[in-house]
Amino acid sequence: MAAYKYKARDRGGNLRYGGLEASSKAEVRSRLRQLRLVTLSIRLERDDSVAKGPGISLEYFYYRDKEGRLQLRFGYQWPKTRDLAVFSRQFSSMLASGVAMMKCLEILRDQQNLHDFGKAIEVIRTGVEHGKSLGESLEMYPNIFKPLYVSMIKAGEASGQLDAIMRKLSEHLDKVSKIISQVKSALYYPVAVILLSIGIIIGMLVFVVPVFAQQFQSAGQELPALTRWVVDASDFIRERYILFSCMVVGIFVAFKMALKTKQGRRTYDKYMMKIPAVGPLIHKTVIARFCYTMSAMLSGGVNMIDALLICAIAADNKIVEENIITIKDKVEQGEGLADSMRESYIFPNMVTSMTEVGEQTGALDSMLAKIAEIYEEEVEEQVKALLSLLEPLTIVVIGGCIGFIVVAMYLPIFSMAKIVGG
């Protein structure tokens, strides 16, 4: 059990503050609804059941495999989205075949190649053995099993359709993993180009420019402004390389720390969505993930309010998260999902119109799945177009970097040739 502090508003508009012992925020929210209170915020005060995961210890650098052999490593072996999809699919197949849950967990533990994931499955199996539900046991590893996963498992246990829910989870995770990999493949390319360009520039400043600078110095010629700028930059990097390295590391660390703050992450997400070509791709990816997640949870029996809250947490984008929270609040107040989405600039007219049709026909989960498929195809097409655009752009960027330095170095030579020729 965990202790939560809440802030809510009663039917008279008065603020209420208090605390509750519950297994999750969803349970707190449900109990507040039973008390006819509108939830404003819920904050975790204490959680005695959740394992936050191991800290940095000797096991971070090594472990012993099933045969007792020492294996060196750097970092824990937690599963990725694709690994969880495989885990869910295998679990679903065994449950559908009539294999007992304890035996399923034992088999999954024994065949797991990721050492730490295998240990986590063993702890989960022990929790189930001691009387916990599977959903409660999964909550002990929030770094592996996200709220969406746990909520759907709990819904599956409550409805007696755990194998079907596991199958839906595996399909959902496969689709999300595919979308994420498509976006990453598009974003890795420009990042690699930028890093390569920076490397070439630094290499030329350190090794090429000093040769030209020495020749210009021996000639006693006054250098053009552009050449002086390049030579000064070269001198700074070579003579103050420790300071330069500290500046680079400092900028990187400051950027990473800023991303960990709410405002820093919000600013980053805001400007990423405004970048030409990249912004629309991120936008479409967000819509596809939202629709897939909502469809999976609604079809799995999770209520709409909890589904929206989990979608906000899973959005991994502060701007989108804030918009979904606003939509959730409006739905809580009795407004329809489509109408609430229409007031948000995140969702285009096509999405809200199809959502409205889904609400009217009672097939909201299948309609959201269709929307997600449409946007997944658009993401795939846009990734292909972006990659084809980046190939010639790469040549232009790298060529421009080299050309800039070359021109700066040859300007004095052109000046001397002009003087000699005159």
- Task: Count the DSSP beta bridges whose two residues both fall in the chain, then state the antiparallel fraction as a percent rounded to the nearest 5.
- Result: 100 percent
- Comparing T355, T261, T285, which has the greatest mean-square fluctuation in the GNM of the chain with Cα pairs linked when under 10 Å apart? T261
- Message: Looking at the chain as a GNM with Cα springs under 10 Å, which of S92, S41, S340 has the largest mean-square fluctuation?
- Response: S41
- Item | Proximal aspartates and glutamates to K330, defined as alpha-carbon separation beneath 13 angstrom and excluding residues fewer than eight positions away on the same chain | E322, D339, E343
- Task: Quick one: grab Rg to one decimal and Dmax as a whole number for the range 58-145, Cα atoms only, in Å.
- Result: 13.5, 41
- Item | DSSP loop chymotrypsin sites (Phe, Trp or Tyr not before Pro) with at most 14 other Cβ within 10 Å: longest gap in the chain | 75-344
- Note on the structure: Rounded to the nearest 10 degrees, the helix 115-129 long axis (Cα) sits at an angle to the longest Cα principal axis of the chain of 10 degrees
- Folded to 0 to 90 degrees: helix 278-299 orientation relative to the chain principal axis, Cα: 10 degrees
- Which label belongs to the value computed from this structure, given these candidates for semi-axes √(5λ) of the Cα gyration tensor in Å: [x] 106, 27, 16; [y] 38, 22, 20; [z] 52, 28, 22? [z]
- Computed ³J(HN,Hα) along the range 367-382: with the Karplus parameters 6.51/-1.76/1.60, θ = phi - 60°, integer Hz and x for glycine or proline, the list is 5, 5, 5, 5, 4, 4, 5, 4, 6, 5, 5, 5, 4, 4, 5, 5
- Give the longest segment of the chain that steers clear of trypsin sites (Lys or Arg not before Pro) in DSSP loops with at most 14 neighbouring Cβ atoms within 10 Å, not counting the sites themselves. 81-239
- Query: So how do I179, I313 line up by other beta-carbon neighbours within 10 Å, fewest first?
  - Reply: I313, I179
- Message: Output needed: percent of Cα pairs per 10 Å distance bin for the range 255-366, bins running from 0 to the one holding the longest distance.
- Response: 14, 45, 30, 10, 1
- Task: Might you report the magnitude of the Cβ-based charge dipole of the chain about its Cα centre, with Lys and Arg at +1 and Asp and Glu at -1, to the nearest 20 debye?
- Result: 840 debye
- Item | Sequence of H283, H172, H130 once ranked by neighbouring C-beta atoms within 10 Å, starting from the fewest | H130, H283, H172
- Message: Which one, F87, L389, H115, projects farthest toward the positive side of the charge dipole computed for the chain from Cβ point charges (K/R +1, D/E -1)?
- Response: H115
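All of the numbers you see were taken from the coordinates with simple rules; none came from a lab. Just so it is clear, the structure is predicted and the values come from calculations on it, not from any experiment. Because the Cβ atoms are built from the backbone with ideal geometry, glycine has one as well, and the counts that use them run over all protein chains shown.
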